[in-house]
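Here's the structure, in structure tokens; my notes come after.
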Amino acid sequence: MAAPDTAPPTLATEDVVLDAQGLVREYGPVVAVAGIDLTLGPGEFLTVFGPNGAGKSSLLGLLAGSMRPTLGRVSVRGQQLDFGDVSWRRRIGVLSHRGFLYHDLTVTENLRFFGRLFELTDLDRRIPERLAHVGLSDRAGFKVGQLSHGMKQRLALARALLHDPDLVLLDEPFTGLDPSAAAVLRKVLVGLKDGQRTVVMVTHNLGEGLALATRVAIQARGRFVWQGGRDEIDTDSFERFYHEAVEGRR
Amino acid sequence: MSYLRQVQAIVWKDLLLEFRTKERLVAMGAFAVLSAVLFNYAVDRTAVRPQDIAAGLIWMTIVFGGLLGVGRTFHLEAQDGAFEGILMSPAPKDAVFLGKTLANFILLYVVSLLVVAVFMLFFGLELGASPAVLALVLCLGVLGFVSLGTLFAAVSSGTRMGETLLPILVFPLLVPMVIFGTGATGRLLASRPVAEVVGDIRMLGAFAVMALAAGALLFRFVVED
């Protein structure tokens, strides 16, 4: 395992998909994100591990533009997140442990609604494609409330990918899934590593996180206490390494 | 055009959800009918003519019943964090506000027509000589009401007091709508000439435009982080 390293690797400007510099987020006296720099290129899958309260979800909220940073800035494909002109939102897809879905609408109606908000014009082609991609073609006419939790998560992923975002943000996507549902979702997430998209996933689940990552970061007390390439990690000893990093012993 | 399509998407989604759940229409409709029944027994017909006070009672029923429905505008949005999904889309916040306001307007306008019909039945009122003008008065009054109601429903949905807070925030701002709406409705139900209510209609129109514009401008500050 490599020594602690908080310096992000250098990428050529044209290769940068996500660029976050000096991110700080405070909630009154509480500092949730305490100065994070992050640069990711196409095809990279960053998994962020950390204990409860480490600021992982706040970091994801800042990258998604659902909350404003107290300090710092975020750019996606060179376009800075600006709350006046929100066209950059077309470049971002978010999957949370909540699905952002309407349970009284059908699977297709949900996708059609969000597709219209994203100003997509080819929904008749896109929706069946995305449903096939997540294995829900046979549930197109079902109300979301009739789906299992695993199916809802896959539908939420289809919603997040409907507009072909450059950057996909995943917040604890495996929460509450049984092993078979998690396996199906994992298969879909592996499909995201197509060399085009950039993915940031925050999770407590070390096994799932490592299986998908090309880069790994450990967040504690609002900052990255370690980050490096997946190939720098010894899977067998990672859990001990993680605990030591979180406790500040590395 | 894309802006209008985003507004339309919100309206379509809200109306479809309401069509499926009937949560708000049933509550508002039942409230309107039951209020008219109670008012019917509460008024001493030997002391006061029902038509003299019907306009005020009609507007109070619309306001209280409407608040039942408008107050729940963001209830379904809270389910599964769906509203967060809308806010993470590129749809402008004012388009979201206009879409939700328009959906609320359609629902409450239907209810307001029901309220008038029920009061006509119980109070023995006649529609007057200008039903189209009465429909316009209701339209403008309801539009102003739902504009403020939708904005403040967003404010109150983010607080612990929730729906309790909504009337406290909205009622003081509804005074102009109640004054001009009641005045115009009373005269129209009494078959007075339309010329007598033109001033009230202008004031209701101005109120609706100002409420809609204020809501569209302020909504983003309510829903954004």
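The values are calculated or read from the model by the stated rules, or taken from the named source; none is laboratory data. What you see is a predicted model; the values in this text were computed from it and never measured. Neighbour counts run over all protein chains shown; Cβ positions are idealised from the backbone, glycine included.
Here are some notes:
- Residue count for the range A:112-154, restricted to those that are touching a Pro at 6+ places or on another chain (Cβ under 9 Å), within 14 Å of another protein chain (Cβ to nearest Cβ) and assigned to a loop (DSSP other than H, G, I, E, B): 2.
- Residue within the range A:145-166 that is within 12 Å of the chain's Cα centre (by Cα) and without any contact (Cβ under 8 Å) to a residue 60 or more places away in the chain present: no
- Residue satisfying condition, being within 7 Å of chain B (Cβ to nearest Cβ) and in contact (Cβ under 8 Å) with a residue 12 or more places away in the chain, within set A:Ser66, A:Ser87: A:Ser66
- Just one of (1) under 13 Å from B:Thr150 (Cα atoms); (2) within 14 Å of another protein chain (Cβ to nearest Cβ) fails for B:Gly81. It is (1).
- Among the helices (runs of 4 or more DSSP H) confined to the range B:1-74, the ones with at least 1 residues that are within 14 Å of another protein chain (Cβ to nearest Cβ), surrounded by 15 or more Cβ atoms within 10 Å (Cβ to Cβ) and not basic (Lys, Arg) are located at B:2-21, B:23-42.
- Meets criteria (assigned to a helix (DSSP H, G or I) and under 13 Å from the mean Cα position of the chain (by Cα)) for B:Ser147: yes
Condition check ((1) surrounded by fewer than 19 Cβ atoms within 10 Å (Cβ to Cβ); (2) more than 20 Å from B:Val26 (Cα to Cα); (3) touching a residue at least 40 places away in the same chain (Cβ under 8 Å)) across all residues:
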{"position": "B:Lys93", "(1), (2), (3)": "no, yes, yes"}
{"position": "B:Leu98", "(1), (2), (3)": "no, yes, yes"}
{"position": "B:Leu102", "(1), (2), (3)": "no, no, yes"}
{"position": "B:Val118", "(1), (2), (3)": "no, no, yes"}
{"position": "B:Val133", "(1), (2), (3)": "yes, yes, yes"}
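- Only one entry of A:Leu147, A:Leu185, A:Leu177, A:Leu192 meets the criterion of being surrounded by 18 or more Cβ atoms within 10 Å (Cβ to Cβ) and farther than 27 Å from A:Leu59 by Cβ, and that entry is A:Leu147.
- Criterion violated by A:Phe100 - all others in (1) within 30 Å of A:Phe238 (Cβ to Cβ); (2) within 14 Å of chain B (Cβ to nearest Cβ) satisfied: (1)
- The set of residues in the range B:172-209 that are exposed (fewer than 14 other Cβ atoms within 10 Å of the Cβ) and of a type in the set (Gly, Ala, Ser) comprises B:Ser191, B:Ala195, B:Gly199.
- Residue within the range B:211-225 that is under 28 Å from B:Ala54 (Cα atoms), without any contact (Cβ under 8 Å) to a residue 40 or more places away in the chain and of a type in the set (A, V, I, L, M, F, W, C) present: no
- Boolean, B:Val142 is more than 18 Å from the chain's Cα centre (by Cα) and touching a residue at least 40 places away in the same chain (Cβ under 8 Å): no
- Test result for A:Thr121, among the polar types (S, T, N, Q) and over 23 Å from A:Leu206 (Cα atoms): yes
- Counting only residues that are under 23 Å from B:Val223 (Cα atoms), free of Cβ contacts under 8 Å to residues at least 60 places away in the same chain and of a type in the set (Val, Ile, Thr), the range A:27-63 holds 1 of them.
- When A:Gly61, A:Gly43, A:Gly28, A:Gly35 are checked against the criterion of being surrounded by fewer than 17 Cβ atoms within 10 Å (Cβ to Cβ), under 20 Å from A:Arg89 (Cα atoms) and at pLDDT below 95, A:Gly43 stands alone in meeting it.
- Subset of the range A:155-174 (residues that are within 20 Å of A:Ser57 (Cβ to Cβ) and part of a helix (DSSP H, G or I)): A:Ala156, A:Leu157, A:Arg159, A:Ala160
- Meets criteria (away from chain A (no Cβ under 14 Å) and within 21 Å of A:Asp104 (Cα to Cα)) for B:Ile106: yes
- In the range A:166-207, the qualifying residues are those that are at pLDDT 90 or above and of a type in the set (S, T, N, Q), and the one that is nearest to A:Thr39 (Cα to Cα) is A:Thr198.
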